[in-house]
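A.B. asks: Shown below is the structure under consideration.
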Amino acid sequence: MENFTEKHENVGNFYSTQLLPRFWELTNENQIHIGYWEGVQIGGDASVGAKKLTDLMLGKVEIRAGEKFIDIGCGYGVPGVLLAKMKNCEIDGITASDYQLDLAKKLVEKENLQGKVRFQLADALALPYANESFDGGWFFESIFHMGHTEALKEAHRVLKSGATLAISDFPKLSGMTTEDRQYLKEISLFTTIVSMDEYPKLLESCGFEFIDILDIGKNVVAPSWACYHVALENNKQIFLDMAGEDGYKFLKKTIVEFENVIVRALGYCVVRARKK
Ligand SMILES: C[S@@+](CC[C@H](N)C(=O)[O-])C[C@H]1O[C@@H](n2cnc3c(N)ncnc32)[C@H](O)[C@@H]1O
């Protein structure tokens, strides 16, 4: 199935200007990732699930106080700031979106973390850091925009030997069709998509030792979409004010169409690897 490439400027433009990221910004309280759900809270507050996924990722990170961590695709900086506070480590985060960067910087100021947390605009495939700068890192729901192999090789360059890397990602399911693949590219700039089975070999080929992979697709994709339908109704006036009647209709149609594809085509996983 086809892979694509996407310039980081295009990804940045998507996150800075499109209605769909604005929707997630609002419903997930500036955590631009999907939610994690257990049990029966289906259709609840999307931001609660988003926070649970952040907690799950925070639990996967091995980093000690004072060490340096790279957040590759940092969004609004919410997960990175939480990590800095939790582990007392230093964070360098990059995003492709100037809109996100602005809010991420404001968050650092609000939390008084200047000197400890730095965010900047950069391309994940040409990281503005020297070789072996970081003791740990993550791609928190960002690697599928970048191209898995190229992004992993660049992360490998800036990580120190023995550093751990956590990745949350949408792996390909066997039900994905060629039309689904094209849709995912168009709707949300998915450049490369790999299956869970492919991860160990992929990591090895980029210089990492595979540690483990957690399959949480069932806790993530469909339950999050159930929340998005509720959020769309609950925040209808906000989206009408933001984008007008046509914009709201378009958003609603997009959420429905996206759900039809994503539940068939993609799972969700959290992967850990160590730089050899
Ligand atoms: C789905 S958002 C995740 C944001 C954040 N990790 C979170 O969980 O809130 C994807 C992020 O990856 C970033 N990104 C995607 N491709 C990129 C690239 N080539 N270079 C830099 N950042 C990139 C986007 O700018 C965005 O911040």
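A.B. asks: Which one of these is closer than 26 Å to Val194 by Cα, within 11 Å of the ligand (Cβ to nearest atom) and touching a His at 6+ places or on another chain (Cβ under 8 Å): Asp123, Asp71?
C.D. replies: Within the list Asp123, Asp71, the selection yields Asp123.
A.B. asks: Are any residues in segment 4-28 near the ligand (Cβ under 10 Å from one of its atoms), modelled with pLDDT of 90 or more and outside any helix (DSSP H, G or I), and if so, which ones?
C.D. replies: Asn28
A.B. asks: Within segment 85-98, is even one residue more than 21 Å from Lys60 (Cα to Cα), near the ligand (Cβ under 8 Å from one of its atoms) and assigned to a loop (DSSP other than H, G, I, E, B)?
C.D. replies: Among the residues of segment 85-98, at least one is more than 21 Å from Lys60 (Cα to Cα), near the ligand (Cβ under 8 Å from one of its atoms) and assigned to a loop (DSSP other than H, G, I, E, B), which makes the answer yes.
A.B. asks: Only one residue in Ala166, Ala130 is more than 18 Å from the chain's Cα centre (by Cα) and either within 10 Å of Lys275 (Cα to Cα) or more than 8 Å from the ligand (Cβ to nearest atom) (or both), so which one is that?
C.D. replies: Answer to the check: Ala130.
A.B. asks: For segment 106-126, give me the residue count where each residue is in contact (Cβ under 8 Å) with a residue 24 or more places away in the chain and surrounded by fewer than 21 Cβ atoms within 10 Å (Cβ to Cβ).
C.D. replies: Within segment 106-126, residues that are in contact (Cβ under 8 Å) with a residue 24 or more places away in the chain and surrounded by fewer than 21 Cβ atoms within 10 Å (Cβ to Cβ) number 11.
A.B. asks: Additional query: Report, ordered by the first and then the second residue, all pairs with beta carbons closer than 6 Å, sequence separation of six or more or different chains, a first member in segment 1-26 that is without any contact (Cβ under 8 Å) to a residue 40 or more places away in the chain, and a second member that is not in a helix (DSSP H, G or I).
C.D. replies: Trp24/Ile32
A.B. asks: So which of Glu257, Glu198 is charged (D, E, K, R) and surrounded by 13 or more Cβ atoms within 10 Å (Cβ to Cβ)?
C.D. replies: Glu198
A.B. asks: Right, something else. Test Gly136 against the stated conditions and say whether it is within 28 Å of Ile187 (Cβ to Cβ), in contact (Cβ under 8 Å) with a residue 24 or more places away in the chain, surrounded by 24 or more Cβ atoms within 10 Å (Cβ to Cβ) and not β-branched (Val, Ile, Thr).
C.D. replies: So Gly136 does not fit the description; no.
A.B. asks: Does Ile70 qualify as being aliphatic (A, V, I, L, M), surrounded by 19 or more Cβ atoms within 10 Å (Cβ to Cβ), touching a Cys at 6+ places or on another chain (Cβ under 8 Å) and modelled with pLDDT of 95 or more?
C.D. replies: It is false that Ile70 is aliphatic (A, V, I, L, M), surrounded by 19 or more Cβ atoms within 10 Å (Cβ to Cβ), touching a Cys at 6+ places or on another chain (Cβ under 8 Å) and modelled with pLDDT of 95 or more.
A.B. asks: Only residues in segment 184-196 that are away from the ligand (no atom under 11 Å from the Cβ) count as the first member; pair them with residues that are aliphatic (A, V, I, L, M) and assigned to a loop (DSSP other than H, G, I, E, B), Cβ under 8 angstrom, at least 6 apart or cross-chain, and list the lot.
C.D. replies: Hits for this filter: Leu184/Ile193; Ile193/Met1; Ile193/Met176; Ser195/Leu173.
A.B. asks: Name the residues in segment 165-188 that are in a helix (DSSP H, G or I) and either small (Gly, Ala, Ser) or out of contact with any helix residue (DSSP H, G or I) (no Cβ under 8 Å at 6 or more places or on another chain) (or both), would you?
C.D. replies: Answer for segment 165-188, where residues must be in a helix (DSSP H, G or I) and either small (Gly, Ala, Ser) or out of contact with any helix residue (DSSP H, G or I) (no Cβ under 8 Å at 6 or more places or on another chain) (or both): Thr178, Glu179, Gln182, Lys185, Glu186, Ser188.
The values are calculated or read from the model by the stated rules, or taken from the named source; none is laboratory data. On a predicted model such as this, the values are computed, not experimentally measured, just so you know. Glycine also receives a Cβ, built like all others from the backbone with ideal geometry; neighbour counts cover every protein chain displayed.
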